[in-house]
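Here's the structure, in structure tokens; my notes come after.
The values are calculated or read from the model by the stated rules, or taken from the named source; none is laboratory data. As the structure is a prediction and not an experimental result, all values here were calculated from the model. Cβ: placed from backbone, ideal geometry, glycine included. Neighbour counts: every protein chain shown. Heavy atoms of the whole protein, side chains included, go into the accessibility calculation; ligands, DNA and RNA do not. Shrake-Rupley method; radii C 1.70, N 1.55, O 1.52, S 1.80 Å.
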Amino acid sequence: MNNSNDSNSNSDNEKDSIVIVDDNPNNLQVLSSILQLAGFKVRPALSGEIALRAIGVSAPDLVLLDIRMPGMDGYETCRRLKADAVTRDIPVIFISALTETADKLAAFRAGGVDYVSKPFQAEEVLARVRTHLQLRHMQRQLESQVAERTAELRVTCDALRESQGQYRRMLEQTIQAIAFTIEKRDPYTAGHQARVSQLAVAIAQKLGLSPDQIDGIRLGGMIHDLGKISVPAEILSRPGRLTETELMLVKSHSEVGGDILRQVEFPWPVKDMILQHHERLDGSGYPNGLRGDEILLEARILAVADVVEAMASHRPYRAALGIEKALDELRCGSGRLYDSDVCRVCLRLFETEGYLLSPSLSN
């Protein structure tokens, strides 16, 4: 027990501190001698109350605890240690003359990590102490590594969020530039896309869509007529009725817009919004005659906003029909041409909540 091997093998544990709690001074002296010779710092305590006060001042790395003591017994002492966030992780080894299984189970239920029966062997005590101290050191190392990795991950996540934010801001600026370019070619519908976007966002909010979906709808609405860039300006601005050929050319804008964005990776289904915003629930829309839920929800929202804005505003080939005509169109087409939930929300916006289509181009 006192050979050089014991001393050398514990040179790494010189800073480990152990509190020994036992009401028998002889037991305290024997255990203290064993552990001090093995290189540990030892603090003896004759009662649970004294031990708790000492541990409260300076927490040890491990506690050796007797069970039968006057006043506060070992079980209660251990329970109090485990109830305190500062001391709950300190390993507690019970050393007791009680040998019944029920006594040992009670010790483990109180929070002990091990149990040594008296009379004890010095080698056994040292082996148990070293094992649990090693486990405690490994736990601390793991906690430290987890804290470091968590901090590194937090920095990475913050950088990723900032990068995503920059990416979205760039996308939005690009979309705004595209929208401005389209409207420069078609002065009669200047502001149409912005107003459709604004109304679609209001509908999406009332429907309870997620903020991310609403962002996508806002940006999709701003360029939903992107494909009109392929339609000659004189057709877009011509007063009077269009020929069948010219009308087919205008109708191609949703498909052209989808084709233009086919290679662009948006975090939202913008391409499908543009491609489908003229589809209708009964399959009478274009370009693909989609029906019902085959049509993206975002596209169904844009379809309603687009119809309302288009009918309420002036066009080269007709005067504005007015908002009441536009709302009548929704009432007649709800559930047949247009999504009934979207129509219901849109009608409520105008009829009970005082929503107005903004005349401003900046919207």
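Can you give the % of DSSP beta bridges in the chain that are antiparallel, to the nearest 5?
Here the share of antiparallel DSSP bridges comes out near 10 percent.
Can you divide the C-alpha Rg of the stretch 53-120 by 2.2 N^0.38 Å and report the result to two decimal places?
Normalised Cα radius of gyration, the stretch 53-120: 1.05.
Just want to confirm a number: the relative contact order over the chain, from Cα pairs under 8 angstrom separated by 6+ residues, in percent.
Relative contact order here is 10 percent.
What spacing in nm lies between the two simple spin-label points modelled at N26 and A97, each 7 Å away from Cα in the Cβ direction?
Taking the two extended label points, one gets 0.9 nm.
Which is the longest stretch in the chain that no exposed loop site breaks, taking sites as GluC sites (Glu not before Pro) with a DSSP loop state and at most 15 other Cβ atoms within 10 Å?
Working: sites that count: E14, E100, E265, E353.
The answer is 101-264.
For the stretch 241-273, which trypsin sites (Lys or Arg not before Pro) are in a loop by DSSP, counting at most 11 other Cβ atoms within 10 Å?
Those that pass, being in a loop and sparsely packed, are R241, R262.
Calculate, for S117 and L37, the FRET efficiency according to 1/(1 + (r/R0)^6) with r their C-beta to C-beta distance and R0 25 Å; round to the nearest 0.05. Present the calculation step by step, with values, prior to reporting the outcome.
Numbers: r = 22 Å, r/R0 = 0.88.
With R0 = 25 Å, the Cβ-Cβ based efficiency is 0.70.
Amide H of V42 versus every other amide H placed in the peptide plane: which residues, excluding those fewer than 5 positions away on the same chain, fall under 5 Å?
I18
State, as an integer percentage, the relative contact order of the stretch 182-302 based on alpha-carbon contacts under 8 Å between residues 6 or more apart.
The value is 23 percent.
What's the angle, to the nearest 10 degrees (0 to 90), between helix 297-312's Cα axis and the longest principal axis of the chain?
The angle comes out at about 40 degrees.
How many angstrom lie between the Cα centre of the stretch 136-170 and the Cα centre of the stretch 270-344?
Computed from Cα coordinates, the inter-centre distance equals 46 Å.
Accessible area per residue of the stretch 57-131 at 1.4 Å probe, in Å²?
Result: 47 Å² of accessible area for each residue.
Among rounded, prolate and oblate, which fits the stretch 50-190 when a ≥ b ≥ c are the square roots of the eigenvalues of its C-alpha gyration tensor, a/c under 1.5 means rounded, and a/b larger than b/c means prolate? All intermediate terms of the calculation are to be shown ahead of the outcome.
Values: a/c = 5.10, a/b = 4.08, b/c = 1.25.
Prolate.
Taking amide H atoms as placed 1.01 Å from N in the peptide plane, list the residues 5 or more away in sequence, or in a different chain, whose amide H sits under 5 Å from that of S47.
The answer is D22.
With a 1.4 Å probe and all protein chains left in place, how much accessible area per residue does the stretch 209-274 have, in Å²?
That works out to 49 Å² for each residue.
Under the rule a/c < 1.5 gives rounded, and otherwise a/b versus b/c splits prolate from oblate, where does the stretch 141-295 land using the Cα gyration tensor?
Numbers: a/c = 2.92, a/b = 2.24, b/c = 1.31.
Judged from the Cα gyration tensor, the stretch 141-295 comes out prolate (a/c at least 1.5, a/b above b/c).
Under the Karplus relation 6.51 cos²θ - 1.76 cosθ + 1.60, θ = phi - 60°, what is the ordered set of whole-Hz ³J(HN,Hα) values for the stretch 25-41, x standing for Gly and Pro?
x, 5, 4, 4, 5, 5, 5, 4, 5, 4, 6, 5, 5, 7, x, 8, 8
In the stretch 124-238, what percent of the accessible surface is made up of carbon and sulfur (1.4 Å probe, ligands and nucleic acids excluded)?
57 percent
Leaving out ligands, DNA and RNA, and with a 1.4 Å probe, what % of the accessible surface on the stretch 276-327 is carbon or sulfur? Display every interim value, and only then the final one.
On the way: 1100 of 2120 Å².
Carbon and sulfur: 52 percent of the exposed surface of the stretch 276-327.
Which FRET efficiency value, to the nearest 0.05, is calculated for Q134 and R168 with the Förster distance at 56 angstrom and r the Cβ-Cβ distance? All intermediate terms of the calculation are to be shown ahead of the outcome.
Details: r = 50 Å, r/R0 = 0.89.
E(calc), rounded to 0.05, equals 0.65.
Could you tell me the distance between the Cα centroids of the stretch 31-53 and the stretch 189-244, to the nearest Å?
First find each Cα centre; the distance between them is then 79 Å.
Across the stretch 192-209, in residue order, what do the Karplus-derived ³J(HN,Hα) couplings come to in whole Hz, using 6.51 cos²θ - 1.76 cosθ + 1.60 with θ = phi - 60° and x for Gly and Pro?
Going residue by residue, I get 4, 4, 5, 5, 4, 4, 4, 5, 4, 5, 4, 5, 4, 4, 5, 6, x, 5 Hz, with x marking Gly and Pro.
Find how much the distance from K82 to D259 grows on full extension, using 0.36 nm per residue of separation minus their present alpha carbon separation; answer in nm with one decimal.
Once the chain is fully extended between K82 and D259, it gains 57.2 nm.
Quick one: work out Rg over Rh on the C-alpha atoms of the chain, Rh as Kirkwood radius.
Answer for the chain: 1.44.
Spelling out what I want: for every residue of the stretch 101-112, take phi, set θ = phi - 60°, compute 6.51 cos²θ - 1.76 cosθ + 1.60 (Karplus), and round to whole Hz; glycine and proline get x.
4, 4, 5, 5, 4, 4, 5, 5, 5, 6, x, x
Sketch the reach of a paramagnetic label on D282 as a point 7 Å from Cα along Cα-to-Cβ, and name the residues of the stretch 316-340 whose backbone nitrogen lies under 15 Å away.
Residues passing the 15 Å test: 329-340.
Using label points projected 7 Å from each Cα along Cα→Cβ, tell me how many nm separate E244 and E124, to one decimal.
Calculated label separation equals 10.3 nm.
Sorted from largest down, give the three principal axis spans of the alpha carbons of the stretch 285-363, whole angstrom values.
Largest to smallest, the principal-axis extents are 34, 31, 26 Å.
Can you give the Kirkwood hydrodynamic radius of the stretch 153-214 from its Cα pairs, in Å with one decimal?
14.0 Å
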